[in-house]
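The values are calculated or read from the model by the stated rules, or taken from the named source; none is laboratory data. Note that the structure is predicted; figures quoted are calculated from it, not measured. Note: ideal-geometry Cβ built from the backbone for every residue, glycine included; neighbour counts use all protein chains shown. All accessible areas refer to the heavy atoms of the entire protein, side chains included, with ligands and DNA or RNA removed. Shrake-Rupley method; radii C 1.70, N 1.55, O 1.52, S 1.80 Å.
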Amino acid sequence: MIKKTSRRNFIKASTFSAAALTVGGVLPGFSARSYRNIAGANERILVGMVGVNNRGSALAGTFAALKQCQINYISDTDSRALARCVDKVARLQSAAPRAQPDFRKVLEQQDVDVMVIATPDHWHAPAALLALQAGKHVYLEKPCSHNPKEGEMLIASVKKHKRLIQMGNQRRSWPNVMEAIRELHSGIIGKTYFARTWYANSRKPIGTGKPAPVPEWLNYDLWQGPAPRKPYIDNRIHYNWHWFWHWGTGEALNNGTHMVDLARWGLQVDYPTKVTSTGGRYFFTDDWQTPDTQTIGLEFGNKCAITWEGRSANGRHSEGSSVGVVFFGEKGTLQINSDDGYQVYSLDNKRVKDVKSKVTVNATDTSNPAGILDGLHVQNLFDGIKKGTALNSDIESGYISTLLVQLGNIAQRTSGVLNTNPQNGHILNNAAAEKLWGRTYEKGWEPAV
Ligand SMILES: NC(=O)c1ccc[n+]([C@@H]2O[C@H](COP(=O)([O-])OP(=O)(O)OC[C@H]3O[C@@H](n4cnc5c(N)ncnc54)[C@H](O)[C@@H]3O)[C@@H](O)[C@H]2O)c1
């Protein structure tokens, strides 16, 4: 029953009602049609953007293009990125958004339903947890968290605060990718037992940084947020933080998350029994810490396996694509590349099906690889909020896919091989690896459910 009449409470209450509609079918005396007819069901969803230098700016364009959406606030610790994005969004929608450098102040506002988080990885879960506590829904860029413990906290928080998180692995909402997975599940290549995934790019070296004064455009304290404090070094911000374990998660989580997620979805598996990783920073000598060349192996008992190969410094394509997943089955092979298409091959290597993408995707574009396709993923979140539609990448699912790759990185940083509990993905009998399940935080910035 919706008792309060403010629009914010409508959106909140509608999440409850809508959840009831999906979980238990239709509530007694409350048909899906009457739900759609509730006054306000067509109200706009009000959005706050957090972190808009690169990906966040592209997402701001995607969100602003959706009729149902109005971006009311934009936050960034870089005053230049903030001004650029405010200007961009003001040109895309009728009302100009407000600039608020500190996103925590946006959380106090009534006129925000969804926070979009596209900060560096160390801020993903802590910012999402604050947003959930404040009663907001979240569009959270992948990886959902910097480490597995934070992912577990996100799941607990979504349950506690009854809000939604859609993780930004947008391929889950691309129509032909969805069709390819349906085809797999209905047996187009028979029993599927192996998925090979990869990403290749020719990234440049990042050099050797030196201590420097914090630029006047950057609030470095807020940028660091939950991460223990480090002096400012001039080659980390922006983007290169990806290659430092303190803030980033390497190419594995940066790009591996997308394809390992598809592999897991296609194979219908959750937690592995064994995880391996080999690789290193082989190519350049610079400050970059995470591997530029890495192969992660994930075993699911003797049912099936997934591998991910990452090459950050050699963009030679595999199977004709810079990024992709190939599923191997008893009757043939199914391949999904960077775009919204797929191909099926018989066991004797003849192409028997070729579904072409209607949209060109450039997987090496670091901000907006898929353009308008991403709007479908955002729309799915809006439908989840307004109508109770199941999310294509809810946090339970996003967590597991992220965890698989995080386990690969933990293996890489410790013994190379992990045995894991197939019930929950936890690491077995390996104290050094278990230490990397979580992280330490800057005092006073510890995240909470
Ligand atoms: N889904 C995709 O296809 C896709 C594509 C690209 C990037 N991403 C993800 O998006 C995230 C951002 O990547 P990027 O390339 O834009 O990084 P970036 O370093 O270029 O930009 C991050 C921005 O966040 C800002 N920021 C940091 N802390 C903040 C805070 N507390 N409040 C507000 N702003 C803050 C920074 O100032 C910067 O402007 C990454 O996690 C990345 O994995 C996803």
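Identify, please: which residue in region 167-186 is more than 21 Å from V359 (Cα to Cα) and touching a residue at least 12 places away in the same chain (Cβ under 8 Å) and is, among those, farthest from the ligand (Cβ to nearest atom)? Give the derivation first.
If we filter region 167-186 for residues that are more than 21 Å from V359 (Cα to Cα), which is where we start, we get 167, 184-186.
Those left that are additionally touching a residue at least 12 places away in the same chain (Cβ under 8 Å): 167, 184-185.
Numbers: M167: 9, L184: 23, H185: 24 Å.
The extreme case among them is H185.
Only one of A363, A433 is assigned by TED's automatic domain parsing to the domain that holds N254 and either free of Cβ contacts under 8 Å to residues at least 40 places away in the same chain or open to solvent by 20 Å² or more (accessible area, probe 1.4 Å) (or both). Can you tell me which?
Only one candidate passes the filter, namely A433.
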So which residues in region 366-393 are within 16 Å of the ligand (Cβ to nearest atom), open to solvent by 10 Å² or more (accessible area, probe 1.4 Å) and not in a helix (DSSP H, G or I), if there are any at all? T366, S367, N368, P369, L391, N392
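Out of curiosity, is A411 in contact with a helix residue (DSSP H, G or I) (Cβ under 8 Å, 6 or more places away or on another chain) and more than 20 Å from H242 (Cα to Cα)?
no
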Given the structure, is K204 more than 18 Å from P369 (Cα to Cα), modelled with pLDDT of 95 or more and within 16 Å of the ligand (Cβ to nearest atom)? yes
Is there any pair linking a residue in region 333-344 that is assigned by TED's automatic domain parsing to the domain that holds N362 to one that is small (G, A, S) and assigned to a loop (DSSP other than H, G, I, E, B), with Cβ under 6 Å and at least six apart or on different chains, and which? S338/A363; D339/S357; D340/S357; G341/S357
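Are any residues in region 273-321 polar (S, T, N, Q) and either outside the structural domain of A411 (by TED's automatic domain parsing) or surrounded by 23 or more Cβ atoms within 10 Å (Cβ to Cβ) (or both), and if so, which ones?
Across region 273-321, the qualifying residues are S277, T290, Q294, S312.
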With respect to T257, determine if the residue is more than 24 Å from the chain's Cα centre (by Cα) and either under 15 Å from L404 (Cβ atoms) or of a type in the set (S, T, Y) (or both). no
Among (1) within 16 Å of the ligand (Cβ to nearest atom); (2) assigned by TED's automatic domain parsing to the domain that holds G51; (3) open to solvent by less than 20 Å² (accessible area, probe 1.4 Å), where does P148 come up short? (1)
Of (1) among the acidic types (D, E); (2) farther than 16 Å from S173 by Cα; (3) surrounded by 16 or more Cβ atoms within 10 Å (Cβ to Cβ), D339 satisfies every one except (2)
Being surrounded by fewer than 20 Cβ atoms within 10 Å (Cβ to Cβ), more than 11 Å from the ligand (Cβ to nearest atom) and part of a helix (DSSP H, G or I) is the filter here, so list the residues in region 65-94 that pass it. A83, D87, K88, A90, R91, L92
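Residue by residue, here is whether (1) near the ligand (Cβ under 9 Å from one of its atoms); (2) in a helix (DSSP H, G or I); (3) surrounded by fewer than 20 Cβ atoms within 10 Å (Cβ to Cβ) holds:
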position	(1), (2), (3)
L222	yes, yes, yes
K230	no, no, yes
G248	yes, no, no
N254	yes, yes, no
D261	no, yes, no
K159: passes all of (1) in the same structural domain as S57 (by TED's automatic domain parsing); (2) in contact (Cβ under 8 Å) with a residue 12 or more places away in the chain but (2)
Report every pair of residues separated by at least 6 positions or lying on different chains whose Cβ atoms are under 9 Å apart, first residue within region 300-318 and modelled with pLDDT under 95, second assigned to a strand (DSSP E or B) and among the hydrophobic types (A, V, I, L, M, F, W, C). none
Got a number for residues in region 98-133 being more than 9 Å from the ligand (Cβ to nearest atom) and open to solvent by 10 Å² or more (accessible area, probe 1.4 Å)? 11
